[in-house]
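No lab work stands behind these numbers, since they all come straight from the coordinates. Remember, it's a predicted structure, so these values are computed and weren't measured experimentally. Positions of Cβ are generated from backbone atoms using ideal geometry, with glycine treated the same way; all protein chains shown enter the neighbour counts.
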Amino acid sequence: MSKPLRKVVFPVAGLGTRFLPATKVVAKEMLPVLDKPLIQYAVDEAVDAGADTLVFVTNRYKHAIADYFDKAYELEAKLQEKGKDELLALVQGTLPRNVRAIFVTQPEALGLGHAVLCAKPVVGDEPFGVILPDDLIWNQGKGALGQMAELAQGQGAGGVIAVEEVPQTDTDKYGIVDATPIDPRSAQIRHMVEKPKPSEAPSNLAVVGRYVLPGRIFELLEKTTPGAGGEIQLTDAIDALLKEQGKVLAYRFEGTRFDCGNKAGLVRATMHMALQDPKLAPVVRELLAGL
Ligand code: UTP
């Protein structure tokens, strides 16, 4: 992959059933970790990776995401009038000025692969990133997607997929890769399989919510038939890409991942972020000591 990464797709059209009843009206991606919604952490990571075009694949119930990145005239005028400059900067800074947000709709939740395919008319035939905002990845240095974009360019890889070791008993919750190590962080993928039983999994290296993919993946997605769970799986299209292009890398990113698609992960992320905050850290420590 020689071109820099300009476009990042955020598939956010899932139903978020694990957070019902809240997600009856609040998009899962708008759930906050402290004062920032999950989608903001994801957007910050995409911008850090160099993206200037963000494509949100939403559904008809998720207007809040578009509203969040839009201008809030009344609120901004009030904050300005009251001289609350710091808050004003926060409200205006959800999206940098040079970055544009484009919204496309996934008419039916037919799976992650189908959601990514909905971004085809915007992305076209160039490499792009995918971030699943419910996988929050925290790193002091460069963000996970930025690390992957660098690797893709440096290695001329057809694609880069973020992976993490998971307990062998959990392989049936993830896409799992079979890969040959190149160095401590990267490996050449031989094969991928969606949600294998622990006894059938080729490894415990699980695909997590970051991808750098070539535009070619869209044509492969168009040919992908529903797989595990009756959904159009991104993993199946990547497996087809592998057969064509060979060089698709698995990458163990630098950083800590919190699976905020479930309650335990959201609690962990919240505690972690609170412990990074000088004002909140003593509160959390005191609370834990009391327990
Ligand atoms: P999940 O597997 O977490 O599903 O999707 P979900 O619907 O969001 O949540 P639960 O399992 O019902 O609680 C992984 C990612 O893929 C997106 C989701 O929005 C999430 O970012 N997705 C999934 C889509 O955009 N469309 C789909 O059809 C399915």
Handout entry: Sequence-separation-based contact order of the chain, relative, with Cα cut under 8 Å and 6+ spacing, percent
Key = 23 percent
Problem - Separation of the Q92 and K247 label points, Cα + 7 Å toward Cβ, nm - result: 4.5 nm
Problem - Expected 222 nm ellipticity per residue - DSSP helices of 4 or more, -39500 (n - 2.57), all of the chain, to 500 - result: -9500 deg cm²/dmol
Handout entry: Relative contact order computed over region 108-212 (Cα-Cα under 8 Å; 6+ residues apart), in percent
Key = 33 percent
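Could you tell me the convex hull volume per residue, in Å³, taken over the Cα atoms of region 54-104?
Considering the Cα atoms of region 54-104, their hull volume per residue is 73 Å³.
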Practice task
Over all alpha-carbon pairs in the chain, figure out the percentage whose distance exceeds 23 Å.
Solution key: 56 percent
Problem - Binned Cα-Cα distances of region 169-291, short to long, each 10 Å bin given as a whole percent - result: 12, 33, 28, 16, 10, 2
Practice task
Could you run the Debye sum over the Cα atoms of region 1-154, one equal point scatterer each and no solvent, and tell me log10 of I(q)/I(0) at q = 0.13 Å⁻¹, two decimals?
Solution key: -0.63
Completion exercise
Distribution output for region 142-211: share of Cα-Cα pairs per 10 Å bin in percent, first bin at 0, values 21, 51, 24, 4
Exercise for the section: Let me see the pair-distance distribution of region 1-85: every alpha carbon pair, 5 Å bin width, integer percents in order. Expected result: 3, 12, 18, 19, 18, 13, 10, 4, 1, 0
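Ranked highest first by average number of other Cβ atoms within 10 Å, how do 145-154, 12-21 line up? Show your work: numbers first, answer last.
On the way: 145-154: 21.6, 12-21: 16.5.
Descending packing order for the listed peptides: 145-154, 12-21.
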Problem - Whole-angstrom gap from region 113-143 to region 26-69, using each part's C-alpha centre - result: 12 Å
Handout entry: Simple label model, 7 Å out from Cα along Cβ direction - Q168 to D183, nm
Key = 3.0 nm
Exercise for the section: For region 190-217 and region 222-291, write down the distance between their C-alpha centroids in whole Å. Expected result: 14 Å
